[in-house]
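The values are calculated or read from the model by the stated rules, or taken from the named source; none is laboratory data. Nothing here was measured: the structure is a model prediction, and the numbers come from that model. Backbone-built Cβ (ideal geometry, glycine too); neighbour counts: all protein chains shown.
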Amino acid sequence: MKKLDVPMLSLFRLSFVIMLLCGLLYPLAMTAVAQATMKEKANGSMIYDEDGQAIGSEFIGQSFRQPGFFHGRVSSIVYDGGNSGSENYAPGNLELLDRVNQSLYEWVNINEEIPVAEVPIDLLTNSASGLDPHISPEAAKIQIPRISAERNIDEETLTKLVEKHTEGRNLGIFGTERVNVLQLNLALLEFIE
Amino acid sequence: MVTFLSLAVPVILLLLIAKPFGHYLANIFDYESGKRSIGDKWLLPFEKLVINISGLHTKTQNWKQYLFALMATNTLMIAIVYLIFRLQGVLPLNPEGVASMEASLAFNTAISFMTNTNLQHYSGESGLSYLSQMIGILFMMFAAPATALAVCMAFIRGITGKKLGNFFVDFIRSITRVLLPISIVFGLAFVALGMPQTLGGPVTVETLEGDVQEIAVGPVGSFLAIKQLGNNGGGYFGVNSSHPFENPDGISNMLQIILMFLITASLPLAYGKMSGNVKQGWILCAAMWLMFASFSAVAVSGEYSGNPAMEQLGIGAGQASMEGKEARFTPAESAFYAVTTTATETGAVNNMHDTLTPLSGLVTLANMMLNTVFGGVGAGFMNVIMYAMIAVFLTGLMIGRTPEFLGKKLESSEMKIISVTLLLHPLLILGFSALALATDMGNASITNEGFHGISQVIYEYSSAAANNGSGFEGLDDDTPFWNVTTGIVMYIGRFLPLAAMLAVAHSLLRKKRIPESSGTMRTDEPIFGGLFIMCTLIVGALTFLPALVIGPVAEWVTLYL
C-alpha cells in the first residue's frame, strides 16, 4: 500500500466528505432556497378549490371517464400519481392492438357520430408516464359534439373554450400546441356555474 | 420549420458554448503547468480543506498510482452505498417505511450508479428511502462523472506530454468547479419551470370525478440538474424525464438536451486547447456532430412514419407514432431526445424506447454499440481518441506512413491495449446477450414477442456495457440473473477501458516527440474527420450488424413490408 501511496482511511474520509457535500448539503440547500423563493412550484403546483382543498396538480393528469368531461390520454395505471409507467408495447405487439381495439369500442359507444378514422392518435395511445396532463387541440375539439350534447352547451361556445385553453409552443418554438385536460374541465364546470 | 428549429436551436447554442466552456475546462485542469486557474481565489481554500480533512496529498501520481486511487475510491463507494441500500429499512429518513433492498438488486444498483450507468431495476417511486436517494444515489451521481472527468483530464495531459496529475485533485475540482455550480443554477431553473423541490411526502387530492389521487413529489429539481449534466440518467420517478414533474415543458426538455451535451461536446475543444492542436479538436467535434445529425434524421423520420399495425385498424393514418410518448413534446423532440440520450450515454428518456418504431430503436442501439458519438462525461472522449488512434493506425498502414498521434509514434504496445479494449465492448454485449437468449432465466424476462424480444435483450446489455442506463423497459429485469449479469457488465465496461486508456497515456508519455515531416499524416484536416467516421462505422458494422439484423431490422421488415 505504501508504494501506491493511498491510505485506506483517507478514502473513507473523502467518501464521507463528498457524501455530505453532494448528498445532503446540496439538496437541502436547494430545497431551502426553492421553498423560500418559489414555494408554490416547489410543492408541485397544486390547484385548489374555493375552500382551499387541493384538487390536483397543474402538471399531473387525472382520469376522466364521464361523457360530460373532456377525456385525456390512455393510462394503464389509471393516472395513479403515486406511481408512473406504461405498458412498453412494441409497435407490432398484439396486446397493443387489443388495447387500441378496446379504446375504439369505448369511443364508438359514446361518440357514435364521429368516425374512428378521424380520431387523433393521441387519444388512442398510452402516454409514456401514464400521467400525461395534455392532449392535442384536435383531440379536444373532436370531443366537442359529445360534450355539447351532454351538457347542453352550444358547440361554438365550447370551441371558444378549447381555444382559450390551448397553450402555444413554448417561446413559439419548443414543445407542442396542447390543451391541459384538467384545466379545460375546470373551466367547463366554471362556465356551467 | 418550427419543428426543425426546436432541434436546431439547442445544437446552435451548444456550438456557441462549447469553445468557451472547453477552454474553461482546460484552464481549471491545467494545474500541473503551475498556472493559476479560474476560481482559485474562492475554491482553492475549500478544496485544500477537503484534501486535509481526508489526509490526502496533492503530488502528481504515476499511472499505476492514479489508477489505484480511482479504483480504490470507486470500489469503496460501491461497498458503502451497497450497505446503505441493504440497511435502508432500519436507517433514518424513511417516512414511507421502504424495506431494505434485496442483495442482488442492491449489488446491481450500487454498481449502476457508480459506473455512471443508472440502469434502474428497482421501482422508481417505492424502492428507495429518502436517505438512499440522497446519500446513495445523489452522492454517486456526482462522484461517478467526477471520476470519469478526472481520468479523462489525466489522459489528455498524458497524451499531450504533461505530467498525469493527481486523481484526488482532479476528482474534487470536477465537483467544486464544474458539476456543483452548474447543477445549482440549472436546478433552480428547473424548479422555476415547474419541477417540485420539497422533502414533504406525497400529496393526496380529490379529483374532479371524485377519485382519490396521490401525487408523489420530492426534491426533483436538484436531482434533475446533476442527472442530466453528469450523463447519469437515472430517473427520480420511474418513468424518468417523461414524468411531467421531471420534464414539465418544451423549455425544460431543451435545457435537458443541452445539459446532456454540455461537458461531453466541449471536451474535444478542451483537448484542442491543451494539446495546442485546436483544429484537431474542431475536426473531431464536427465529425461527431455529423454522425449525430444523420442518426437524428433517421430516428425522427422513423417516428413520423407512424405505426402500420395501427393503420390497419383504420386509425391514425398519416399520424406519427404516439404510443409511449407525451403530448407536450413533438414526436421530433421525443426522437431527438432518444438519440441524444444514447449518443451521450446518459440514459434519461422522455419517451419509452420500447415503443419506438424499429428504425429509431436501431439508431439508439447503434449509438450505444459504437459508444463514440460523444459518449458520457470523460469516458466518451477517451473512446473517441481511441477510435482516432485506430483511424491513424489503419490509414497509416494503408498508405505506408508512420502512424503518429500528436507527434508520438503509435506502436504495437499501444495498439495491443487498444485492440483488447475495442474487442471488450462487443464481447460483453454479444456474449451476455447470447447467454440470456440461450437460458430460461434470460428468456423468461422478455415481454415483447418475436424479433423485438431479441432487441430487448441486446438493448439491456448494450446499455450496461456502454454505461448508458436507458432500457427497453418492458424487460422484466429485476431478477437475480439480470441483476448480477448486468452488474458485472457495467463494472467491467466502465473500469477496464479507463485503465487501458491510462496505460496508453503512460506509454505515449514516455516516448520522445518526433518532429513533423512531409511523411506525417495530418490529423487536423477534414479528411481525418472523414477517416474517423469511416473507421467508427466500419468497425461498428463489422461487429454488430448481424445482431442488429435479427433485432430491429427484422422487426422493421415484418412491420412495414
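Of note:
- Any hit, the range B:309-320, residues being within 14 Å of another protein chain (Cβ to nearest Cβ), surrounded by 24 or more Cβ atoms within 10 Å (Cβ to Cβ), among the polar types (S, T, N, Q) and not in a helix (DSSP H, G or I): no
- Remark: B:Ile550 matches the filter, which requires a residue to be within 30 Å of B:Val457 (Cα to Cα), in contact (Cβ under 8 Å) with a residue 60 or more places away in the chain and more than 14 Å from chain A (Cβ to nearest Cβ).
- Filter result for A:Ala128 (modelled with pLDDT of 95 or more, part of a helix (DSSP H, G or I) and hydrophobic (A, V, I, L, M, F, W, C)): no
- Comparison of A:Glu167, A:Glu155 shows that the only residue that is in the same structural domain as A:Gln62 (by TED's automatic domain parsing), over 16 Å from the mean Cα position of the chain (by Cα) and not β-branched (Val, Ile, Thr) is A:Glu155.
- Of the residues B:Lys325, B:Lys279, the single one that is among the basic types (Lys, Arg) and surrounded by 24 or more Cβ atoms within 10 Å (Cβ to Cβ) is B:Lys325.
- Qualifying position, being out of contact with any Phe, Trp or Tyr (no Cβ under 7 Å at 6 or more places or on another chain) and assigned to a loop (DSSP other than H, G, I, E, B), among B:Phe295, B:Phe329, B:Phe336: B:Phe329
- Where A:Ser103 falls short, out of the listed (1) over 18 Å from B:Glu311 (Cβ atoms); (2) out of contact with any Pro (no Cβ under 8 Å at 6 or more places or on another chain); (3) of a type in the set (Gly, Ala, Ser): (1)
- Qualifying residue in the range B:112-119 (condition: crowded, with 23+ Cβ neighbours inside 10 Å and at the interface with chain A (Cβ under 8 Å from one of its Cβ atoms)): no
- Any hit, the range B:376-391, residues being of a type outside the set (Lys, Arg) and farther than 18 Å from B:Gly540 by Cβ: yes
- Test: residue in the range A:55-65 that is exposed (fewer than 13 other Cβ atoms within 10 Å of the Cβ) and either at the interface with chain B (Cβ under 9 Å from one of its Cβ atoms) or at pLDDT below 95 (or both): yes
- Filter result for the condition that a residue is over 24 Å from B:Lys162 (Cβ atoms) and under 27 Å from the mean Cα position of the chain (by Cα), over B:Gln120, B:Gln88, B:Gln65: B:Gln120
- Checking each residue in the range B:212-231 for being assigned to a helix (DSSP H, G or I) and more than 7 Å from every other protein chain (Cβ to nearest Cβ) picks out B:Val220, B:Phe223, B:Leu224, B:Ala225, B:Ile226, B:Lys227, B:Gln228, B:Leu229.
- Filter result (in a loop (DSSP other than H, G, I, E, B) and within 26 Å of B:Gln228 (Cα to Cα)) within the range B:99-118: B:Met101, B:Thr115, B:Asn116, B:Thr117, B:Asn118
- When B:Ile533, B:Ile454, B:Ile514 are checked against the criterion of being closer than 30 Å to B:Pro308 by Cβ and touching a residue at least 60 places away in the same chain (Cβ under 8 Å), B:Ile454 stands alone in meeting it.
- Of all residues in the range B:236-286, those being over 17 Å from the mean Cα position of the chain (by Cα), more than 15 Å from B:Gly221 (Cα to Cα) and among the aromatic types (Phe, Trp, Tyr) number 2.
- If you go through the range A:152-169 and pick out every residue that is touching a helix residue (DSSP H, G or I) at 6+ places or on another chain (Cβ under 7 Å), surrounded by fewer than 19 Cβ atoms within 10 Å (Cβ to Cβ) and either small (Gly, Ala, Ser) or within 14 Å of chain B (Cβ to nearest Cβ) (or both), you end up with 1.
- Residue count for the range A:131-149 satisfying the condition of being more than 7 Å from chain B (Cβ to nearest Cβ) and in contact (Cβ under 8 Å) with a residue 40 or more places away in the chain: 6.
- The range A:66-120: number of residues that are hydroxyl-bearing (Ser, Thr, Tyr) and either more than 7 Å from chain B (Cβ to nearest Cβ) or touching a His at 6+ places or on another chain (Cβ under 9 Å) (or both): 5
- Residue under evaluation B:Glu209, criteria (1) outside any loop (DSSP other than H, G, I, E, B); (2) surrounded by fewer than 24 Cβ atoms within 10 Å (Cβ to Cβ); (3) within 7 Å of chain A (Cβ to nearest Cβ), criterion not met: (1)
- Number of the exception - A:Glu190 against (1) in contact with a strand residue (DSSP E or B) (Cβ under 6 Å, 6 or more places away or on another chain); (2) closer than 19 Å to A:Phe64 by Cα; (3) not polar (S, T, N, Q): (1)
- Residues in the range B:270-286 that are out of contact with any Pro (no Cβ under 9 Å at 6 or more places or on another chain), part of a helix (DSSP H, G or I) and not charged (D, E, K, R): B:Ala270, B:Tyr271, B:Gly272, B:Met274, B:Ser275, B:Val278.
- Qualifying residue in the range B:348-363 (condition: surrounded by fewer than 24 Cβ atoms within 10 Å (Cβ to Cβ), in a loop (DSSP other than H, G, I, E, B), on the phi < 0 side of the Ramachandran plot and over 16 Å from the mean Cα position of the chain (by Cα)): no
- Here A:Ala187, A:Ala149, A:Ala140, A:Ala117 are screened, and the one residue that is closer than 23 Å to B:Leu313 by Cα, among the aliphatic types (A, V, I, L, M), out of contact with any Asp or Glu (no Cβ under 8 Å at 6 or more places or on another chain) and surrounded by fewer than 24 Cβ atoms within 10 Å (Cβ to Cβ) is A:Ala117.
- Residues in the range A:66-77 that are closer than 16 Å to B:Glu326 by Cα and either crowded, with 24+ Cβ neighbours inside 10 Å or out of contact with any Gly (no Cβ under 8 Å at 6 or more places or on another chain) (or both): 4 in all.
Results for (1) part of a helix (DSSP H, G or I); (2) free of Cβ contacts under 8 Å to residues at least 60 places away in the same chain; (3) surrounded by 15 or more Cβ atoms within 10 Å (Cβ to Cβ); (4) polar (S, T, N, Q), shown as yes or no for each residue.
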{"site": "B:Ile429", "(1), (2), (3), (4)": "yes, no, yes, no"}
{"site": "B:Ser433", "(1), (2), (3), (4)": "yes, no, yes, yes"}
{"site": "B:Ile458", "(1), (2), (3), (4)": "yes, no, yes, no"}
{"site": "B:Ser463", "(1), (2), (3), (4)": "yes, no, yes, yes"}
{"site": "B:Gly469", "(1), (2), (3), (4)": "no, no, yes, no"}
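- Where helices (runs of 4 or more DSSP H) sit wholly within the range B:1-87, those with at least 2 residues that are more than 25 Å from A:Leu21 (Cα to Cα), touching a Gly at 6+ places or on another chain (Cβ under 9 Å) and within 10 Å of another protein chain (Cβ to nearest Cβ) occupy B:2-28.
- Residue within the range A:30-51 that is at the interface with another protein chain (Cβ under 8 Å from one of its Cβ atoms), over 25 Å from B:Ser123 (Cα atoms) and modelled with pLDDT under 95 present: no
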